[in-house]
């Protein structure tokens with residue numbers, strides 16, 4: 001039996017290795033807040049969310065398959081949570097049957113397997129009953145296939161048969177074993193179904209045994225041990241077969257647990273966004289290489305989850321374009337916009353809804369980020385060398401059809417040198433069929449793209465009103481030579497001056513100001 005709720009014809013491997021750039025994606029896009037919202041304190045849900053988003057899929061049919069299943073989950077959230085809880089309880093029931101030292105003996109393995117399978121049968125009955133009562137409420141191909149599998153595999157005849165076998169394997173009537181000599185005079189043991197007899201003292205008195213018998217004295221420890229070993233030889237094959245059956249059903253519940261966990265995480269995220277008052281939508285994915293990308297009111301979902309309130313969204317149309325340059329005022333929302341693009345792409349390729357009112361976008365073979373890093377003691381060289389080393393690692397992995405997000409890259413050197421590096425890197429990536437988003441303060445680089453734009457690039461600018469107010473939206477616009485760092489400077493020191501007067505401080509005794517890059 002297979003759940004097949006993540007792929008149409010394959011299992012979801014929660015242990016599959018994450019991409020080499022997974023840590024950078026999580027750090028640069030702030031994904032921890034997203035994983036936490038999906039998990040709500042459950043480590044297994046956290047791991048399932050992380051695996052689904054960071055691995056994703058590049059298959060358009062699989063994205064649609066998951067989207068349809070997720071839509072069913074949003075409509076039938078309580079039923080999906082019931083399925084998930086059944087899987088959780090079934091796995092927990094197996095862990096309660098701990099063998100300990102009895103795992104060395106076939107009779108102990110057999111006894112445990114019977115107990116575990118009886119518990120599993122109870123949970124399988126729950127799934128079958130839920131399927132009979134609720135399957136009509138689901139429309140997706142994934143859930144239709146899942147419920148049909150339960151109804152076909154878990155018939156009444158199946159349950160009657162398995163319970164009969166389990167009752168027999170409890171060996172209440174003793175162990176009936178035959179033995180023959182095989183090759184090399186090795187004994188071969190076969191377990192038989194013991195005849196069901198209810199002996200009373202009168203039967204034992206009036207009926208002599210039909211075969212030779214030997215009674216072991218109650219105090220004969222060696223004899224009892226030998227008898228036990230003989231019984232273990234007889235039940236060994238049956239114990240192994242039953243243990244394998246137990247593992248098979250356990251693997252079904254484990255896979256069901258992992259696959260439904262992703263959708264439960266999506267339900268948790270939906271509930272949290274509803275609490276905040278944020279909207280979401282199911283995107284329209286297109287095939288790799290279609291060069292389509294547009295969205296309306298796309299917002300940074302991790303920022304909304306962190307602040308607990310709605311945040312500003314953005315609109316853009318990038319159909320037919322491979323390069324987006326984002327410039328503009330300091331603290332104007334450029335980095336937030338960049339994160340929202342990366343987050344939405346990962347969510348879409350996991351089969352999720354996205355934080356926007358509408359979105360249409362092509363799939364990408366992989367997603368990379370190259371963000372500036374603050375200096376720390378672990379750096380073995382300068383910031384520019386460190387940036388170029390990280391870029392080299394990305395270049396060794398990236399392939400046509402990928403997306404890469406640059407944030408303030410190559411700003412550790414002078415304007416001319418940084419612009420030249422950025423220009424050559426961006427041009428080479430675009431020529432290789434890679435979509436590039438670039439947040440930058442390098443005016444020479446941004447203006448050069450604007451001046452030589454042949455329609456392949458989209459120039460965006462963080463909006464700033466004449467009075468210096470930031471709207472935190474990005475709009476189409478020509479790059480400006482200033483990033484309006486003075487607005488931030490004035491905002492900081494306007495609040496500092498009244499405090500200086502209250503303390504009677506003179507201008508020359510003002511505390512050292514923070515350095516703010518223009």
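Could you look through the stretch 89-112, keep only residues that are closer than 20 Å to residue 43 by Cβ and buried (at least 19 other Cβ atoms within 10 Å of the Cβ), and pick out the one that is modelled with the highest pLDDT?
Going through the qualifying residues, I end up with 90.
Pick from the stretch 46-64 the residues that are part of a helix (DSSP H, G or I) and out of contact with any helix residue (DSSP H, G or I) (no Cβ under 6 Å at 6 or more places or on another chain): which of them is nearest to residue 403 (Cα to Cα)?
55
Restricted to the stretch 17-45, and to residues that are part of a loop (DSSP other than H, G, I, E, B) and within 13 Å of the chain's Cα centre (by Cα), which residue is farthest from residue 394 (Cα to Cα)? Walk me through it before giving the result.
Step one: of the stretch 17-45, the residues part of a loop (DSSP other than H, G, I, E, B) are 17-21, 29-31, 40-42.
Filter once more, so that each one left must be within 13 Å of the chain's Cα centre (by Cα): 17-19, 31, 42.
Values: 17: 18, 18: 15, 19: 12, 31: 20, 42: 33 Å.
Here the answer is 42.
Just one of 369, 327 is touching a strand residue (DSSP E or B) at 6+ places or on another chain (Cβ under 6 Å) and more than 18 Å from residue 478 (Cα to Cα); which is it? Working first, answer last.
Working: 327 fails: more than 18 Å from residue 478 (Cα to Cα).
Sole residue among the options that is touching a strand residue (DSSP E or B) at 6+ places or on another chain (Cβ under 6 Å) and more than 18 Å from residue 478 (Cα to Cα): 369.
With (1) in the same structural domain as residue 438 (by TED's automatic domain parsing); (2) modelled with pLDDT of 95 or more as the list, and residue 328 as the residue in question, which single condition is left unmet?
If we test residue 328 against (1) in the same structural domain as residue 438 (by TED's automatic domain parsing); (2) modelled with pLDDT of 95 or more, just (2) comes out false.
For the stretch 352-454, which helices (runs of 4 or more DSSP H) that fit wholly inside it have 2 or more residues that are in contact (Cβ under 8 Å) with a residue 12 or more places away in the chain and within 34 Å of the chain's Cα centre (by Cα)? Full working, then the answer.
Numbers: elements: 383-395, 415-431, 443-451.
Because the criterion is at least 2 residues that are in contact (Cβ under 8 Å) with a residue 12 or more places away in the chain and within 34 Å of the chain's Cα centre (by Cα), the helices (runs of 4 or more DSSP H) in the stretch 352-454 that meet it are 383-395, 415-431.
Please go through the stretch 1-32 and give me each residue that is within 23 Å of residue 437 (Cα to Cα), crowded, with 18+ Cβ neighbours inside 10 Å and touching a helix residue (DSSP H, G or I) at 6+ places or on another chain (Cβ under 6 Å), ordered by number.
29, 30
So which of 387, 463, 408 ends up being buried (at least 18 other Cβ atoms within 10 Å of the Cβ) and on the phi > 0 side of the Ramachandran plot? Walk me through how you get there before you give the answer.
On the way: 387 fails: on the phi > 0 side of the Ramachandran plot; 463 fails: on the phi > 0 side of the Ramachandran plot.
Answer to the selection: 408.
Working carefully through the options 304, 261, find the one that is within 23 Å of residue 5 (Cβ to Cβ), crowded, with 21+ Cβ neighbours inside 10 Å and modelled with pLDDT of 95 or more. It would help to see each step written out before you state the result.
On the way: 304 fails: within 23 Å of residue 5 (Cβ to Cβ).
Answer to the check: 261.
Taking the stretch 455-466, which residues are touching a residue at least 60 places away in the same chain (Cβ under 8 Å) and out of contact with any strand residue (DSSP E or B) (no Cβ under 9 Å at 6 or more places or on another chain)? Let's see the steps before the verdict.
Filtering the stretch 455-466 for residues touching a residue at least 60 places away in the same chain (Cβ under 8 Å) gives 455-464.
455 - this is the single residue of the stretch 455-466 that is touching a residue at least 60 places away in the same chain (Cβ under 8 Å) and out of contact with any strand residue (DSSP E or B) (no Cβ under 9 Å at 6 or more places or on another chain).
The values are calculated or read from the model by the stated rules, or taken from the named source; none is laboratory data. Keep in mind that what you see is a predicted model, and the values were worked out from it rather than measured. Because the Cβ atoms are built from the backbone with ideal geometry, glycine has one as well, and the counts that use them run over all protein chains shown.
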